[in-house]
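All of the numbers you see were taken from the coordinates with simple rules; none came from a lab. Since this is a predicted model, take the numbers as computed values, not measurements. All Cβ positions, glycine included, derive from the backbone under ideal geometry; neighbour counts span all protein chains shown.
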Amino acid sequence: MAEVKGKPPGRCGRAWRHRKRRRQAREEGNIPLVVDADLVFLRLSQWLREGNRNFSHAQLRPAVFADTGRGLMATRAVQPGEVLVSIPEEVLITSSKVIQDAVLWRALHKSHIKLKAMDLLALFLLYHKFLGEKSQWKAYLDSLPRDYSVPAYCSQEETNVLPEILKMYKLKQDENISQCYSSIQIVTSASAYLQSLFCSLCIDQVRWSWFTVNTRAVYLRNQNPSGIVIGDDTCALAPYLDLLNHTHMAEMEADLNPVNSCYEIVTHVSYNKYDQVFINYGPHDNLKLYVEYGFILPQNPHNHIPVTLSEVVSVVKIALGNEDSSNMHSKVQLICLYDLDKNLGVNIEGPTWSLEAAVTICLMPLQQLTRGWQLVCEDVAGVGHREEVLSCLRCLMQQKMQHLEDCVKDMVKLSHKSTAAIMAEALVEQWCTTLRSAMRKHDTSVEGTE
């Protein structure tokens, strides 16, 4: 009689049953695929422990999860107050670390240039990337992604169909990359050795290094070394830490522990065995997450669709007619004076308070304008022209929806899309869903006041 495959003859042992349950759970997507045997992660862990470094983690293992991709999995229950990851200070890449390299320090000193902290770290990454096998940071560099899914990685064809707000962010990112490229060229031109080492440098490599820093840097206040850093010097790269993914639900704190000189992540929530362990970047909406980090969350309570003040003014002018919009400049000044232009947008509940207030002021009769801020603060829903405000808000949301839906139609038509474009499309589709919900609630609210 043929033996049944996958099941040993006779009595099945406890170990076999345990393996079978795990295999079934993995096939059902309940257990992630562990990848810590991958040479990249093995070498990274070995490098972090070299020279008896005090690297540790709460028995976490790199794994691939169905919903987030690569992350860190708990191999046991984790309790609140436990240190998730402890990274030795000596492997943190900071501005101080950069100038400890004699070659880079001489070039920086000779070039007489001051760099932003992010540009300085980007220079460091490229320097060690070009060193190749000679770099002591090779294990870390090998663990980094080859590209990122932020707007700057969209092709020109993909950029052409992005919503205006995303085009604006991409343009700003391109400017940052160009500026970083120019700064690095100035530094490397001050050293014959660096000129030779960086001879093949191109803008794509600078884009990679800059976004490696931007997507992975942690907050750490540093001492401004020799005054070579322009602006805030508050970022550091922490090898291994970037394996942790973000969720708005994670409660944790991160800081440099002065006792053991390690950068530590301490959790304030518990995790079960096989759970993915997370960190929290802050209360960011999906636009911020996409632009800065290259991902979005399916359920994000901080979601917010931005609206510009020019969009508000455009809709209000149509409602008022040209003859009644001559005082719009004064109204815009009042809106900016009280920072109402800083949080204009729509969330799943409807227009933000700032958007309602801005539209209310723009539609306000001239004789009330001197008391505009007071009237809005007292009762934005009780102003005499509330009906016009609600109508304008509906038009504004409808106009925004039309623009985003047109963008989605064009984005869907693209073939061979980059991951950056795919992420942008998912974000815009999510915005459309949010706007539909907001408009339904807005209409219900208006009907209730009639």
Task: Restricting region 60-150 to trypsin sites (Lys or Arg not before Pro) in coil, as DSSP defines it, with at most 10 other Cβ within 10 Å - done: Arg146
Task: Net lengthening on full extension, Thr419/Gln367 (0.36 nm per residue, minus Cα-Cα) - done: 13.4 nm
TODO: Enumerate the amide H contacts of His304 below 5 Å, restricted to partners 5 or more residues apart or on another chain; note that Pro and chain-start residues carry no placed amide H.
DONE: Asn286, Leu287
Task: Ellipticity estimate at 222 nm from DSSP helix runs (n ≥ 4, -39,500 (n - 2.57)) divided over the chain, nearest 500 - done: -15000 deg cm²/dmol
Open item on the list: With +1 on the Cβ of every Lys and Arg and -1 on the Cβ of every Asp and Glu, and nothing else charged, how large is the dipole of region 305-449 about its Cα centre, in debye rounded to the nearest 20?
Closed with: 260
Task: HN-Hα J in Hz across region 257-267 - Karplus 6.51, -1.76, 1.60, θ = phi - 60°, x for Gly and Pro - done: 7, x, 6, 10, 6, 10, 7, 10, 10, 10, 8
Task: Distance-filtered residues of region 329-370 - backbone nitrogen under 13 Å, label point 7 angstrom along Asp379 Cα→Cβ - done: none
- [ ] Could you tell me which of Ile318, Gln374, Ser354 has its Cα farthest along the dipole of region 285-394 towards the positive end, charges placed at Cβ (Lys, Arg +1; Asp, Glu -1), taken about the Cα centre?
- [x] Ile318
Open item on the list: Starting from the 7 Å offset along Cα-to-Cβ, what nm value, one decimal, do you get for the label separation of Ile203 and Arg49?
Closed with: 4.5
Task: Calculated from backbone phi, Karplus (6.51, -1.76, 1.60) coupling profile of region 242-256 in Hz, x at Gly/Pro - done: 6, 6, 7, 8, 9, 8, 5, 8, 6, 10, 7, 9, 9, 5, 7
Open item on the list: How many angstrom lie between the Cα centre of region 189-212 and the Cα centre of region 228-299?
Closed with: 28
Task: Prolate/oblate/rounded label for the chain (Cα gyration tensor, a/c 1.5) - done: oblate
Task: Relative contact order, percent, region 95-237 [alpha-carbon distance under 8 Å, six or more residues apart] - done: 42
Task: Percent of alpha-carbon pairs separated by more than 26 Å within region 305-449 - done: 29
TODO: Rounded to the nearest 10 degrees, what's the angle between the helix 353-362 long axis and the longest principal axis of the chain, both from Cα atoms, 0 to 90?
DONE: 30
- [ ] Note down the magnitude of the dipole of the chain about its Cα centre, charges +1 on Lys and Arg C-beta and -1 on Asp and Glu C-beta and zero elsewhere, to the nearest 20 debye.
- [x] 2320
TODO: At most 13 other Cβ atoms within 10 Å and a DSSP loop assignment: could you name the trypsin sites (Lys or Arg not before Pro) in region 174-227 that fit?
DONE: Arg221
Task: Proximal lysines to Lys331, defined as alpha-carbon separation beneath 19 angstrom and excluding residues fewer than eight positions away on the same chain - done: Lys317, Lys342
Task: Relative contact order of the chain, defined on C-alpha pairs under 8 angstrom at six or more residues apart (%) - done: 18
Task: Kirkwood hydrodynamic radius over Cα pairs of region 223-335, then Stokes diffusion coefficient at 20 °C and 1.002 mPa s, in µm²/s - done: 114
TODO: Determine ³J(HN,Hα), in whole Hz, for all residues of region 414-428 in sequence, where each value follows from phi through the Karplus function 6.51 cos²θ - 1.76 cosθ + 1.60 and θ = phi - 60°; x replaces Gly and Pro.
DONE: 5, 10, 6, 6, 6, 5, 5, 6, 4, 5, 5, 4, 5, 5, 5
Open item on the list: Students often forget the sequence filter, so: which aspartates and glutamates lie under 12 Å Cα-Cα from Lys441 once same-chain residues fewer than 8 apart are removed?
Closed with: Glu349
Task: Between region 82-118 and region 418-450, the alpha-carbon center distance in angstrom - done: 43
Task: Highest average packing first - 305-311, 288-294, 400-406, Cβ atoms within 10 Å - done: 288-294, 305-311, 400-406
Open item on the list: For Phe295, what residues show an amide H to amide H distance below 5 Å, using hydrogens built from the backbone and excluding near sequence neighbours?
Closed with: Tyr290
